[in-house]
Amino acid sequence: MIQVWLRPGTQKAAASGHPWVYRNQIDPAAGDLAAMPAVEPGSLVSVHDSRGRYLGSGFFNSNSMITIRLLTHQHEVLDETLIERRIEAALAFRAANRRPDTDSYRLVFAEADRLPGLIVDQFGDTLVLQVLALGMARWQETAAACLAEKLRPARLILKNDDPIRLKEGLPLEQRAWLGDLVRQVTIRENGLLMQADLGQGQKTGYFLDQKANHLRLRRFAANRRVLDAFCYSGGFALNAAAAGAAAVTAVDISPEALILARANAERNGLADKMQFALANAFDFLRQAVTEKRAYDTIVLDPPAFTKSHGARDAARRGYKEINLSAFRLLGPGGILVTHSCSYHMPEAMFIETVLEAAWDARRTVRILAVHRQDFDHPVLGSYPESHYLKSLWLEVIA
Ligand code: SAH
C-alpha cells in the first residue's frame, strides 16, 4: 500500500480516530509521495505521521479537498469482507432499535458507520444506495450485493445524482440495481403513511433524521393550534394532526413539497384540519406577527443556512429572525420546537441564539429538552461532524 506521510503537527485528528485527511495536511515530499508524481484517484493508502508512525488506512482522491478517507485506524486488511462486516454491524444497530410502526430507516450513514461516502436508506421494501466518494465507488457492487442478500428488498436503487459526486470525479446516474426504478414509495412512519419522492425529492427522498422528533411532537399537539414552518412533506404537521391538534398550518417555499404534504394529509384522513401555505417562511412568520395570529405550538425546521464556517454570522441572523417571530406568536404555555441542521452551527451557539431571540421578544422560557437526529443517523465519537441536527424544545412560561 502506498504510504502517505503528514506534515509535522497535523496528525492530531487522524491520531484520535477522525476519518478525514485534508490535502493541506499531506507532505508531498515525504513517504512514497516523494518518489511518486501521482497517486491514482481511488487507490488505497496508509497514513503516517511526520515520523512515519502508522495512523490508519483508507482511500485517496487528489481531486477532493478531503483527500484521504480512512476506513480504519488499526492494522487490518482493506477488502470486501471489511465492507461486508461494516454493513452487518450497521444493520445490527438498526435492527436492535427499530420501532414497530416505522418501516423506514437510514441503514448506513457513511463515515458515522465507518463506511466513508456510503449512504443507504431503507424505505419500506425499497433500498436506496448513494455513493459520494470515489474510493467507495469501487465497493458499490460489494455493498449492493451484501444488502440485497441480507435484506431481500423488492428493489435496490442507485441514487447517484448528488452533484458532490462531480467534485470526486464520479458521473451522475440514477438506476435500479435490483427491481424497477420507482419514483415514489409509500413508507410507514409512526403509523402514518407517508410518500417519499426518490426522483426529485430532497435528501434521498424523505427526512428520516426527524422521525423521532416527529413522534415527540405528539405530546404537544392535542387541542392546540400548530404551525409547521419548513414542513417539506409534512412530517411534523401530520404527527400533530394525528395526535388531535385543533388546527395545523404547514408552510413551505417549494410547491413540490406542499404537493407531497397535502397528499400525505389526504391519504391519512387528516386533511380537514390542515392548511397548507406556499410561502417563504420568513415572510409568513413576519406577516403572522403583524396580523397578531396566535399559535400554541410552533415547529421551525429550516434547511442548513450555513454550509461553511464563514457564513456563520449570516446563519445566526437567520435563526434569530425566525425564532424571534415564533416567540412573538406564542403566549404563556406555548411550545417552540426549533432546529438547526448545520454542523457549522454548534449546539451551544444555536441555543444561545434562540435564547437571545426569546429575550428580544420579552419571553421567559423553560428549556424542556435538546434532542438530535434519530438513532439511525448515529453520532460517532471521533467524528464530530456526525452530530449535525439540533432539536431544541422550549416552553414559554411568561
Ligand atoms: N420538516 C421537514 C424537513 C424540512 S427540510 C420534515 O420533518 O420532513 C427544509 C424545508 O424547508 C424544505 O422542504 C425546503 O423546501 C424548505 N424551505 C427552504 N427555504 C425556505 C423558506 N425560505 N421558506 C419556507 N420553506 C423553505
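The values are calculated or read from the model by the stated rules, or taken from the named source; none is laboratory data. None of the values given here were measured: they were computed from a predicted structure. Backbone-built Cβ (ideal geometry, glycine too); neighbour counts: all protein chains shown.
Counting only residues that are within 24 Å of the chain's Cα centre (by Cα) and outside any strand (DSSP E or B), which one in segment 62-73 is surrounded by the most Cβ atoms within 10 Å (Cβ to Cβ)? Step through it out loud before you land on a result.
Going through segment 62-73, the residues within 24 Å of the chain's Cα centre (by Cα) turn out to be 64-72.
From what is left, the residues that are outside any strand (DSSP E or B) are 64-65.
Working: S64: 22, M65: 10.
My answer is S64.
Considering only segment 216-263, state which residues are aliphatic (A, V, I, L, M), near the ligand (Cβ under 7 Å from one of its atoms) and either part of a loop (DSSP other than H, G, I, E, B) or without any contact (Cβ under 8 Å) to a residue 12 or more places away in the chain (or both).
Going residue by residue through segment 216-263, those that are aliphatic (A, V, I, L, M) are 217, 221-222, 226-227, 229, 237-238, 240-243, 245-248, 250-251, 253, 257-261, 263.
In the following step, the residues that additionally are near the ligand (Cβ under 7 Å from one of its atoms) were identified as 229, 251, 253, 257.
Residue satisfying the conditions is I253 alone.
Spot the failing condition for I187; the list is (1) within 18 Å of T126 (Cβ to Cβ); (2) crowded, with 24+ Cβ neighbours inside 10 Å, and only one is missed.
For I187, the exception is condition (2).
Rundown of residues vs (1) outside the structural domain of R7 (by TED's automatic domain parsing); (2) within 21 Å of R138 (Cβ to Cβ); (3) of a type in the set (V, I, T); (4) touching a residue at least 60 places away in the same chain (Cβ under 8 Å), yes/no style:
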position: V21; (1), (2), (3), (4): no, yes, yes, no
position: A35; (1), (2), (3), (4): no, no, no, no
position: G42; (1), (2), (3), (4): no, yes, no, yes
position: V47; (1), (2), (3), (4): no, yes, yes, no
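Restricting attention to segment 162-169, does a residue exist that is at pLDDT 95 or above and surrounded by fewer than 20 Cβ atoms within 10 Å (Cβ to Cβ)? Full working, then the answer.
Taking segment 162-169 first, the residues at pLDDT 95 or above are none.
No: zero hits.
Restricting to segment 74-91, what's the tally of residues that are part of a helix (DSSP H, G or I), without any contact (Cβ under 8 Å) to a residue 12 or more places away in the chain and among the aliphatic types (A, V, I, L, M)? Spell out the reasoning first.
Taking segment 74-91 and keeping what is part of a helix (DSSP H, G or I), we get 80-91.
The next check asks that each one be without any contact (Cβ under 8 Å) to a residue 12 or more places away in the chain; those that pass are 81-82, 85.
When the remaining residues are screened for being among the aliphatic types (A, V, I, L, M), the result is 82.
Going through segment 74-91 one residue at a time, the tally reaches 1.
Just give me the residues in segment 275-286 being in a helix (DSSP H, G or I) and surrounded by 14 or more Cβ atoms within 10 Å (Cβ to Cβ), in sequence order. Walk me through it before giving the result.
In the first step, residues of segment 275-286 are kept if they are in a helix (DSSP H, G or I); the result is 281-286.
A281, F282, F284, L285, R286, listed by residue number.
If R94 satisfies every condition in (1) of a type in the set (D, E, K, R); (2) within 23 Å of the chain's Cα centre (by Cα); (3) assigned to a loop (DSSP other than H, G, I, E, B) but one, which is the exception?
Exception for R94: condition (3).
Give me a count of the residues in segment 217-234 that are buried (at least 18 other Cβ atoms within 10 Å of the Cβ) and out of contact with any helix residue (DSSP H, G or I) (no Cβ under 7 Å at 6 or more places or on another chain).
Taking segment 217-234 first, the residues buried (at least 18 other Cβ atoms within 10 Å of the Cβ) are 217, 220-221, 224-234.
Next cut, out of contact with any helix residue (DSSP H, G or I) (no Cβ under 7 Å at 6 or more places or on another chain) only: 220, 224-225, 227.
Matching residues across segment 217-234 total 4.
Scan segment 20-52 for residues that are of a type in the set (K, R) and over 29 Å from the mean Cα position of the chain (by Cα) and jot them down. First the steps, then the outcome.
To start, the set of residues in segment 20-52 that are of a type in the set (K, R) comprises 23, 51.
If the condition is that a residue be of a type in the set (K, R) and over 29 Å from the mean Cα position of the chain (by Cα), then R51 is the only one that fits.
Exactly one of these conditions fails for D272: (1) acidic (D, E); (2) within 14 Å of the ligand (Cβ to nearest atom); (3) part of a helix (DSSP H, G or I). Give me its number.
(2)
Looking for whichever is away from the ligand (no atom under 13 Å from the Cβ), part of a helix (DSSP H, G or I) and either farther than 20 Å from T126 by Cβ or not assigned by TED's automatic domain parsing to the domain that holds A133 (or both) here; the options are K211, K167. Which one fits?
On the way: K211 fails: away from the ligand (no atom under 13 Å from the Cβ).
None of the other options fit; the residue is K167.
Considering only residues that are buried (at least 18 other Cβ atoms within 10 Å of the Cβ) and more than 22 Å from L258 (Cα to Cα), look in segment 297-317 and name the one that is farthest from the ligand (Cβ to nearest atom).
Here is the first cut: in segment 297-317, the residues buried (at least 18 other Cβ atoms within 10 Å of the Cβ) are 297-302, 305-306, 315-316.
From what's left, more than 22 Å from L258 (Cα to Cα): 306, 315-316.
Numbers: T306: 13, A315: 13, R316: 16 Å.
Among residues in segment 297-317 that are buried (at least 18 other Cβ atoms within 10 Å of the Cβ) and more than 22 Å from L258 (Cα to Cα), the one farthest from the ligand (Cβ to nearest atom) is R316.
What is the residue count in segment 334-355 for residues that are closer than 18 Å to V289 by Cα and of a type outside the set (A, V, I, L, M)?
Matching residues across segment 334-355 total 2.
For segment 336-359: of the residues being more than 21 Å from L227 (Cα to Cα) and part of a loop (DSSP other than H, G, I, E, B), which is nearest to the ligand (Cβ to nearest atom)?
The residue in question is S342.
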